[in-house]
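Enquirer: Input: one structure, supplied below.
Bear in mind these aren't lab numbers, they're just calculated from the coordinates by the rules spelled out. The shown structure was predicted, so the numbers you read here are calculated from the model rather than taken from an experiment. A quick note on method: Cβ atoms are made from the backbone with ideal geometry, for glycine too, and the neighbour counts reach across all protein chains shown.
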Amino acid sequence: MDIQVAFSGQGNVMTDEKKDDRPVYQAACHCGTVRFELRLTDGLRTARRCNCSLCRMRGAVAVSANLGDITVTQGEEALTLYQFHTREAKHYFCSRCGIYTFHQRRSAPDQYGVNVACIEGMSPFDFADVPVSEGRIHPKDRVDGGVGVAGWLRYEGNPEWGQG
């Protein structure tokens, strides 16, 4: 499999001569077979959805991590690669539980989009407003090349439901 993340046997690529103050997050698929740790490029400010054919169906909120900022610590062999259309983006899923974990982005090939729901202590429902990128006509295929926001996904908890 041509995956460009570090695996625990390769050492930790997240250490270099420069001090990196970004927090390291722990993440896993639903069944726990695939586990990884990551640093985000710009914290949670990169949270987004997309309305392309795949993202509409998988429904995940994603945040960005640079290619060298994800280390798979367990379950590399359980990751399944899915590609479609131009086959530029590489979408990885757990072959046991089917959860989308991360994908190498077509619009920013030096980054991964990471499923927020896989990150310990986070939920897509933590975000009141999430921009939805226009993915039906991919930014790389647009004449102006710009990234358009198709709209916003909004979440408002029901106050009658309570906190539990």
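Enquirer: Taking the Cα of Arg96, stepping 7 Å toward and past its beta carbon, and measuring to each backbone N in the range 25-63: which are under 14 Å?
Expert: 28-36
Enquirer: Determine the gain in length on full extension of the stretch Glu156-Arg87; use 0.36 nm per residue of separation and subtract their C-alpha separation, reporting nm with one decimal.
Expert: Difference between extended and current length: 21.2 nm.
Enquirer: Just want the ordering: Tyr82, Tyr112, from fewest to most Cβ atoms lying within 10 Å of their own Cβ. Provide the component values of the computation, followed by the final result.
Expert: On the way: Tyr82 12, Tyr112 29.
Neighbour counts put them in this order, fewest first: Tyr82, Tyr112.
Enquirer: Distance between the C-alpha centers of the range 83-118 and the range 24-75? Whole Å please.
Expert: 8
Enquirer: Step through the residues of the range 84-96 one at a time and calculate ³J(HN,Hα) from phi using the Karplus curve (6.51 cos²θ - 1.76 cosθ + 1.60, θ = phi - 60°), rounding each to whole Hz and writing x for Gly and Pro.
Expert: Whole-Hz 3J(HN,Hα) from phi for the range 84-96: 8, 6, 7, 6, 7, 6, 10, 9, 10, 10, 6, 6, 8.
Enquirer: Continuing with the same structure: Which of Glu37, Glu156, Glu76 has the fewest other C-beta atoms within 10 Å, and how do the rest follow up to the most?
Expert: Glu156, Glu76, Glu37
Enquirer: Please order Thr71, Thr46 by the number of other Cβ within 10 Å, starting at the fewest.
Expert: Placing the least packed residue first, the sequence is Thr46, Thr71.
Enquirer: I've got another one for you. Residue separation times 0.36 nm, minus the C-alpha to C-alpha distance between Thr80 and Arg22: what's the value?
Expert: 18.0 nm
Enquirer: Would you work out if the range 40-130 is rounded, prolate or oblate? Take a ≥ b ≥ c from the square roots of the eigenvalues of the alpha-carbon gyration tensor; rounded if a/c is under 1.5, else prolate when a/b is larger than b/c, oblate otherwise.
Expert: The shape class here is rounded.
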